[in-house]
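Please treat every number below as a calculation from the coordinates, not as lab data. No experiment lies behind these values; they were computed from the predicted model shown. Neighbour counts are summed over all protein chains in view; Cβ atoms, including those assigned to glycine, are modelled from backbone coordinates with ideal geometry.
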Amino acid sequence: MPRRPPDSSPTDPRQIIDDQAREIERLREDLQRSEIERNRLRRENERLKEELEMARRRATRQAAPFSRGLPKAHPARPGRKPGAAYG
């Protein structure tokens with residue numbers, strides 16, 4: 001609802017009261033819309049904070065060792081080979 005210009009103020013008290021009641025109702029509706037939007041933004045903010053924290057943990061977490069498949073049935077002994085078998 002457009003506001004009334006300041007020079008055309010009503011002189012009838014009922015008109016003033018009606019205008020103020022309409023203005024109060026408009027402001028209440030605006031407040032309700034603002035509270036709904038604030039709650040939506042708060043939930044989105046919390047969700048984004050959780051996503052950021054998960055991404056930070058993933059970036060610093062050490063990965064598990066890679067699986068190389070099944071182990072050999074008869075693996076070679078570890079270390080250097082003695083004598084002529086070395087190299």
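Structure summary
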read-out: Label-point separation in nm, Arg40 to Ala73, each point 7 Å along Cα→Cβ; value: 6.6
read-out: Charge sum, other residues only, whose C-beta stays under 13 Å from Leu31's C-beta, Lys/Arg counted +1 and Asp/Glu -1; value: -2
read-out: Separation in nanometres of the label points that stand 7 Å from Cα toward Cβ, at Asp30 and Ile16; value: 2.1
